[in-house]
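Student: Sharing a structure, written as structure tokens. Questions coming.
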Amino acid sequence: MKKIVLLLLSALAISVAGPYPYTHDGFFFNLALGMGYQNLESDRHEESFDLNETARGSAFEFDMKIGGRILPFTILHYTSVGLSNFADFEVDDYHRRSRYDNYYGYYDYDDVMYKDDESSTICIMTLQGLGVTRYFRPYNIFASVSVGASLFYVNSNNGIGSKKGVLGYGFQVAGGKEWWIRENLGIGAQMSLTYGSADYPKRVNASISAFAINFMATVTFN
């Protein structure tokens with residue numbers, strides 16, 4: 001009887017493992033590269049004016065994940081994301097407040113202006129943090145979530161930006177599918193959504209935020 005039970009268990013194990021010859025265990029290293037769309041928004045609310053600007057356009061993204069298995073088909077990893085957007089800033093809303101001096105003294109007035117001006121802009125956003133990736137058998141599809149610190153580098157001819165970078169928070173969610181090409185090597189495709197937000201230092205009520213949706217090719221060693 002014991003032999004029959006052992007044979008049945010062995011057959012069951014073979015039937016379960018049969019369609020999925022490779023597994024995700026040990027060291028994990030993933031690279032992803034692709035392009036898509038990014039929306040970058042800057043808000044400044046200062047004593048003399050309110051200014052809202054947006055840069056919308058194509059984006060380039062590079063991701064790297066390094067970690068290891070913590071549970072079956074579950075990976076804990078360090079996540080590094082780099083996003084670049086070379087679209088120009090467009091002025092969506094400019095609200096200026098000024099004071100004029102006349103014969104009777106000072107008076108305040110508000111002047112609401114809408115402009116179509118553009119400014120040459122280079123923006124790089126990075127995300128450094130921790131994430132979890134879960135693979136689902138037998139199709140080797142995956143879902144990934146990462147959270148961490150975002151850092152913006154913005155160079156614009158309208159004065160927006162910081163050479164030292166603006167530190168904030170961010171996250172990334174991604175999903176896709178991989179195909180094994182060797183025992184420990186797979187290639188695939190994924191779609192990612194990345195978001196980041198930060199407040200400018202030494203500036204009253206000024207912030208920057210961005211989100212990007214990108215389609216990417218992946219290579220994974222695991």
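Student: Residues that are at pLDDT below 90, of a type outside the set (Asp, Glu) and in contact with an Asp or Glu (Cβ under 7 Å, 6 or more places away or on another chain): does the range 23-41 have at least one?
Tutor: No - not one qualifying residue is present in the range 23-41.
Student: Restricting attention to the range 165-196, which residues are surrounded by fewer than 13 Cβ atoms within 10 Å (Cβ to Cβ) and not in a strand (DSSP E or B)?
Tutor: The answer is Glu183, and nothing else.
Student: Oh, and also: Go through (1) touching a Gly at 6+ places or on another chain (Cβ under 6 Å); (2) at pLDDT below 90 for Trp180 and report which single condition fails.
Tutor: (2)
Student: Continuing with this model, one more query. Within the bounds of the range 82-105, is there any residue that is among the β-branched types (Val, Ile, Thr), more than 18 Å from Tyr195 (Cβ to Cβ), crowded, with 16+ Cβ neighbours inside 10 Å and at pLDDT below 70? Full working, then the answer.
Tutor: Residues of the range 82-105 among the β-branched types (Val, Ile, Thr): 91.
If we keep only those that are more than 18 Å from Tyr195 (Cβ to Cβ) too, we end up with 91.
Then keep just the ones that are crowded, with 16+ Cβ neighbours inside 10 Å; that gives 91.
Filter once more, keeping what is at pLDDT below 70: 91.
Scanning the range 82-105 turns up at least one residue that is among the β-branched types (Val, Ile, Thr), more than 18 Å from Tyr195 (Cβ to Cβ), crowded, with 16+ Cβ neighbours inside 10 Å and at pLDDT below 70.
Student: Does any residue of the range 197-206 turn out to be in a strand (DSSP E or B), modelled with pLDDT under 90 and acidic (Asp, Glu)?
Tutor: yes
Student: May I pose another question? With (1) under 13 Å from the mean Cα position of the chain (by Cα); (2) modelled with pLDDT of 95 or more; (3) farther than 14 Å from Thr133 by Cβ as the list, and Ala217 as the residue in question, which single condition is left unmet?
Tutor: Just one mismatch for Ala217, condition (1).
Student: Checking Thr126 against (1) within 19 Å of Ser80 (Cβ to Cβ); (2) surrounded by fewer than 22 Cβ atoms within 10 Å (Cβ to Cβ); (3) modelled with pLDDT of 95 or more: exactly one of these is not met. Which one?
Tutor: It is condition (3) that Thr126 fails.
The values are calculated or read from the model by the stated rules, or taken from the named source; none is laboratory data. Computed from a predicted model, the values in this text were never measured in an experiment. Positions of Cβ are generated from backbone atoms using ideal geometry, with glycine treated the same way; all protein chains shown enter the neighbour counts.
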